[in-house]
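Asker: Can you keep this structure in mind? I'll have questions shortly.
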Amino acid sequence: MRYDPPPYPARLARLREGMTQKDALLILHPKNIRYLTGFTGGDGALMAGPDWLVLLVDGRYVTQAQEEAIGTEIFEFRNRVDGITAVACGRSVEAIGFESPCLCVEEYLRLQEKLPTVALRPLSGALQSLRAVKTEGEIDRIRAAAVIAGEALAAIREMIRPGVREQEIAIELEYRMRRGGAEQAAFETIVAAGANAALPHATPGSRVIKTGDCVTIDYGAVSGGYHSDETCTYIVGHASDRQKEVYRLVREAHDRVIGAIRAGISCGAVDRIARGCLEEAGLGAHFAHGTGHGVGLDVHEAPRLAAGREEILRAGMVVTVEPGVYLPGLWGIRIEDTVVVREEGCEVLTQTSKDLTIL
Ligand code: GLY
Ligand code: MN
Ligand code: MN
């Protein structure tokens, strides 16, 4: 695995572009704080001026912050708004750009009250485009997560047979990922059989697998803070002609997208490829979600591969490709891989074969 030199100074420099002496940025999303400092705690605030940086944490996190956010000034607060106020006053800040999706109305109103002369300016996606392009070190972590996840699925695949409950498979898969070195599952593992497979985000329950079921397994691991995301759909015992045909079409949509992804294509164009493929077969109405999303410190992050999104894919972005067809009350098929965008194509990081597999 390649470990980058500490990436924080370069990231902070990008973030600070265009700041004036009296400006500050207030970063509140824990993953963004991690991205900028290395601090992995679940709570806190990061304030950045043009030439200063303060990580504000409560007493639970002081030692951890000192150990992880090396070289960053740590400010301990009892109350987050009071801490932000003290830092802003101490630095004579006149304007704060804050991460508006992460500040609740109550905290915002209290900040306004405490800092009446400071302009509070919402920043919605301050870091998302920065985070979207990964270094090779970040890509290595996603690849490692994908390997752990794929090996865990291979180890439990024989469990996918008639009589076994969805929940049992999900629990075993998560256990194997943890045993294999995952810090945690990337999200609540989905194991959906039969009609449940027609729910794109089903929760594994007590449903017992039956012959003829589609079983959708959507799973991922976290390694070094980075996520993988992969979906395999298996058919148990015997596949009907319709299931085989729909599998072939979803696979074709998936493969065409993977064949088209490269630096310079737009997210909307990628989505149109998958959607067009399923629409030609009369299945467009049954593909009711986007074609993919960015993956990194969060399992869902920028960019979104969806209709109308004209952002351009850049080399180093890591995205999923996950077309699906869902037939309510019957079954569903989704195929998902996580890929890195390269100049001349893309590299698939997830490991498991997507050939039609009847177990
Ligand atoms: N596992 C969530 C997703 O595929 O987006
Ligand atoms: Mn997924
Ligand atoms: Mn996904």
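The values are calculated or read from the model by the stated rules, or taken from the named source; none is laboratory data. What you are looking at is a predicted structure, and each value in this text was computed from that prediction instead of being measured. Reconstructed Cβ throughout: ideal geometry from the backbone, glycine too, with neighbour counts over all protein chains shown.
Asker: Select from region 293-307 the residues that are part of a strand (DSSP E or B), among the hydrophobic types (A, V, I, L, M, F, W, C) and under 10 Å from the mean Cα position of the chain (by Cα) and list them in ascending order.
Answerer: Just the residues of region 293-307 that are part of a strand (DSSP E or B), to begin with: 293-294, 301-305.
From the residues that got through so far, the ones that are among the hydrophobic types (A, V, I, L, M, F, W, C) too are 302, 305.
Across region 293-307, the qualifying residue is only Ala302.
Results for (1) at pLDDT 95 or above; (2) crowded, with 24+ Cβ neighbours inside 10 Å; (3) touching a helix residue (DSSP H, G or I) at 6+ places or on another chain (Cβ under 8 Å), shown as yes or no for each residue.
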{"residue": "Pro200", "(1), (2), (3)": "no, no, no"}
{"residue": "Tyr219", "(1), (2), (3)": "yes, yes, yes"}
{"residue": "Tyr226", "(1), (2), (3)": "yes, yes, yes"}
{"residue": "Glu230", "(1), (2), (3)": "yes, yes, yes"}
{"residue": "Gly237", "(1), (2), (3)": "yes, no, no"}
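Asker: Continuing with the same structure: Condition first: within 13 Å of ligand 1 (Cβ to nearest atom), more than 17 Å from the chain's Cα centre (by Cα) and not polar (S, T, N, Q). Now tell me which residues in region 185-203 satisfy that. Walk me through it before giving the result.
Answerer: First pass over region 185-203, keeping only residues within 13 Å of ligand 1 (Cβ to nearest atom): 185-192, 199-203.
From the residues that got through so far, the ones that are more than 17 Å from the chain's Cα centre (by Cα) too are 191-192, 199, 202-203.
Hits for region 185-203 are Val191, Ala192, Leu199, Ala202.
Asker: Can you find a residue that is in contact with a Gly (Cβ under 7 Å, 6 or more places away or on another chain) and either assigned to a strand (DSSP E or B) or within 16 Å of ligand 3 (Cβ to nearest atom) (or both) anywhere in region 166-179?
Answerer: In the first step, residues of region 166-179 are kept if they are in contact with a Gly (Cβ under 7 Å, 6 or more places away or on another chain); the result is 166-167.
With either assigned to a strand (DSSP E or B) or within 16 Å of ligand 3 (Cβ to nearest atom) (or both) added as a condition, the list becomes none.
No, the conditions are met nowhere in region 166-179.
Asker: Condition test on Gly294, is it within 16 Å of ligand 3 (Cβ to nearest atom), closer than 20 Å to Lys134 by Cα and modelled with pLDDT of 95 or more?
Answerer: yes
Asker: Going by the conditions given, is Ile139 touching a strand residue (DSSP E or B) at 6+ places or on another chain (Cβ under 9 Å), part of a helix (DSSP H, G or I) and either aliphatic (A, V, I, L, M) or touching a residue at least 12 places away in the same chain (Cβ under 8 Å) (or both)?
Answerer: On the way: touching a strand residue (DSSP E or B) at 6+ places or on another chain (Cβ under 9 Å): yes; part of a helix (DSSP H, G or I): yes; either aliphatic (A, V, I, L, M) or touching a residue at least 12 places away in the same chain (Cβ under 8 Å) (or both): yes.
Answer is yes for this residue.
Asker: Given the criterion aliphatic (A, V, I, L, M), within 16 Å of ligand 2 (Cβ to nearest atom) and not in a loop (DSSP other than H, G, I, E, B), identify the matching residue among Ile273, Ile258.
Answerer: Numbers: Ile273 fails: within 16 Å of ligand 2 (Cβ to nearest atom).
Only one candidate passes the filter, namely Ile258.
Asker: Pairs needed: first member in region 153-166, among the acidic types (Asp, Glu); second member anywhere, exposed (fewer than 15 other Cβ atoms within 10 Å of the Cβ); C-beta distance under 6 Å; at least 6 residues apart or different chains.
Answerer: Between residues of region 153-166 that are among the acidic types (Asp, Glu) and residues that are exposed (fewer than 15 other Cβ atoms within 10 Å of the Cβ), the close pairs are Glu166/Gly205.
Asker: Hey, another quick one. Given the conditions (1) modelled with pLDDT under 95; (2) within 23 Å of Arg143 (Cβ to Cβ), and given that Ala185 satisfies all but one, which numbered condition is not satisfied?
Answerer: Of everything listed in (1) modelled with pLDDT under 95; (2) within 23 Å of Arg143 (Cβ to Cβ), Ala185 misses just condition (1).
Asker: Now for a different question. Hey, among the residues in region 308-324 that are over 24 Å from Gln351 (Cα atoms) and part of a loop (DSSP other than H, G, I, E, B), which one's farthest from ligand 3 (Cβ to nearest atom)? First the steps, then the outcome.
Answerer: In the first step, residues of region 308-324 are kept if they are over 24 Å from Gln351 (Cα atoms); the result is 308-312.
Imposing the further condition that a residue be part of a loop (DSSP other than H, G, I, E, B) reduces the set to 308-311.
Working: Gly308: 19, Arg309: 15, Glu310: 21, Glu311: 17 Å.
Taking the candidates together, the pick is Glu310.
Asker: Residue pairs, Cβ under 6 Å, 6 or more apart or interchain, first in region 23-36 and under 14 Å from Val54 (Cα atoms), second among the charged types (D, E, K, R) and surrounded by fewer than 20 Cβ atoms within 10 Å (Cβ to Cβ). List them.
Answerer: Leu36/Arg11
Asker: Read through the list (1) of a type in the set (A, V, I, L, M); (2) in contact with a Phe, Trp or Tyr (Cβ under 9 Å, 6 or more places away or on another chain); (3) farther than 24 Å from Ser223 by Cβ; (4) not in a strand (DSSP E or B), then give the number of the only condition that Leu120 fails.
Answerer: (4)
Asker: So which residues in region 42-77 are exposed (fewer than 15 other Cβ atoms within 10 Å of the Cβ) and assigned to a strand (DSSP E or B), if there are any at all?
Answerer: Glu73, Glu76 - these are the residues of region 42-77 that are exposed (fewer than 15 other Cβ atoms within 10 Å of the Cβ) and assigned to a strand (DSSP E or B).
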